[in-house]
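Trainee: Supplied in structure tokens, the structure appears directly below.
The values are calculated or read from the model by the stated rules, or taken from the named source; none is laboratory data. Model, not experiment: these values are computed from the prediction. Glycine also receives a Cβ, built like all others from the backbone with ideal geometry; neighbour counts cover every protein chain displayed. The accessibility values were calculated without ligands, DNA or RNA, using every heavy atom of the protein model including side chains. Shrake-Rupley method; radii C 1.70, N 1.55, O 1.52, S 1.80 Å.
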Amino acid sequence: MTRWLEQLHTVDELSFSWCCRRFAKLSQSPYVRLVSLSGDGYVYALLVGCAWWLAEHDMQPMLFALVLGFAIEIPLFMLIKRWLKRPRPYQRLQNFQAVIQAHDQFSFPSGHTTAAFLFAGCAGYFWPDYTGLLYLWASLVGLSRVLLGVHYPGDILAGAALGSALALFSIGVVVSG
């Protein structure tokens, strides 16, 4: 591991352990799992489909921004994960049992959080009345991943930054194009 990743890992293990101790009962809540599931990929397609069906205005720019953002996001976060190969908390910490098992092997950055912040950024731009609610939801998706034991807090922060940057990029391309 590179030096900055080792330092991040030390801070992350301490903050992760604190969260696990502090919120042990909350991590067992079915609501935490539900919030995490709301960050699964198919939910975005369902939300956009429903919005398209219910919308009175043109949804095409938002759809283009989301498609562009996700077309970049998915291979990018997978590439970063495979390059850094950071183990998940339950793989590294002895005597720790995660509430769920992740779909992939590596932890950094959080794909759920990246996607949630990408969606929140794009949707919030086109639906400004819901921006606060969308970012609250995206933040809860990230927090749920820590509480379920599949990500460190640093994974969440990196995912939020990456997803937000991709949203800004995608919106910029669509609006200027």
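Trainee: Need the failing condition index for LEU93 against (1) of a type outside the set (D, E, K, R); (2) under 21 Å from TYR42 (Cα atoms); (3) in contact (Cβ under 8 Å) with a residue 60 or more places away in the chain, just the number.
Mentor: That leaves (2) as the condition not met.
Trainee: Is there a residue being open to solvent by less than 30 Å² (accessible area, probe 1.4 Å), in contact with a Leu (Cβ under 7 Å, 6 or more places away or on another chain) and free of Cβ contacts under 8 Å to residues at least 24 places away in the same chain anywhere in the stretch 32-41?
Mentor: No, the stretch 32-41 contains no residue that is open to solvent by less than 30 Å² (accessible area, probe 1.4 Å), in contact with a Leu (Cβ under 7 Å, 6 or more places away or on another chain) and free of Cβ contacts under 8 Å to residues at least 24 places away in the same chain.
Trainee: Check THR10 against each of (1) of a type in the set (Val, Ile, Thr); (2) within 20 Å of the chain's Cα centre (by Cα); (3) surrounded by fewer than 13 Cβ atoms within 10 Å (Cβ to Cβ) and name the one condition it does not meet.
Mentor: (2)
Trainee: Answer with yes or no whether GLY121 is small (Gly, Ala, Ser), in contact (Cβ under 8 Å) with a residue 12 or more places away in the chain, closer than 19 Å to ALA51 by Cβ and assigned to a helix (DSSP H, G or I).
Mentor: Judged against the criteria, GLY121 is a match.
Trainee: I've got another one for you. Is it the case that some residue within the stretch 113-132 is open to solvent by 30 Å² or more (accessible area, probe 1.4 Å) and among the small types (Gly, Ala, Ser)?
Mentor: yes
Trainee: On to the next question. Name the single residue, out of those in the stretch 68-96 being touching a strand residue (DSSP E or B) at 6+ places or on another chain (Cβ under 8 Å) and not in a helix (DSSP H, G or I), that is nearest to TRP4 (Cα to Cα).
Mentor: Only one residue tops the list, namely ARG86.
Trainee: Every residue in the stretch 84-97 that is over 13 Å from SER17 (Cβ atoms) and buried (at least 16 other Cβ atoms within 10 Å of the Cβ), please.
Mentor: Of everything in the stretch 84-97, those that are over 13 Å from SER17 (Cβ atoms) and buried (at least 16 other Cβ atoms within 10 Å of the Cβ) turn out to be ARG86, ARG88.
Trainee: What's the number of the only condition in (1) assigned to a helix (DSSP H, G or I); (2) at pLDDT below 95 that ALA102 fails to meet?
Mentor: (1)
Trainee: Only residues in the stretch 142-162 that are assigned to a helix (DSSP H, G or I) count as the first member; pair them with residues that are open to solvent by 10 Å² or more (accessible area, probe 1.4 Å) and of a type in the set (D, E, K, R), Cβ under 9 angstrom, at least 6 apart or cross-chain, and list the lot.
Mentor: From residues that are assigned to a helix (DSSP H, G or I), the pairs are SER144/ARG33; ASP155/ARG145; ILE156/ARG145; GLY159/ARG145.
Trainee: Condition (residue is within 26 Å of LEU79 (Cα to Cα) and touching a strand residue (DSSP E or B) at 6+ places or on another chain (Cβ under 7 Å)) applied to the stretch 109-130: is it met by at least one residue?
Mentor: Within the stretch 109-130, not a single residue is within 26 Å of LEU79 (Cα to Cα) and touching a strand residue (DSSP E or B) at 6+ places or on another chain (Cβ under 7 Å).
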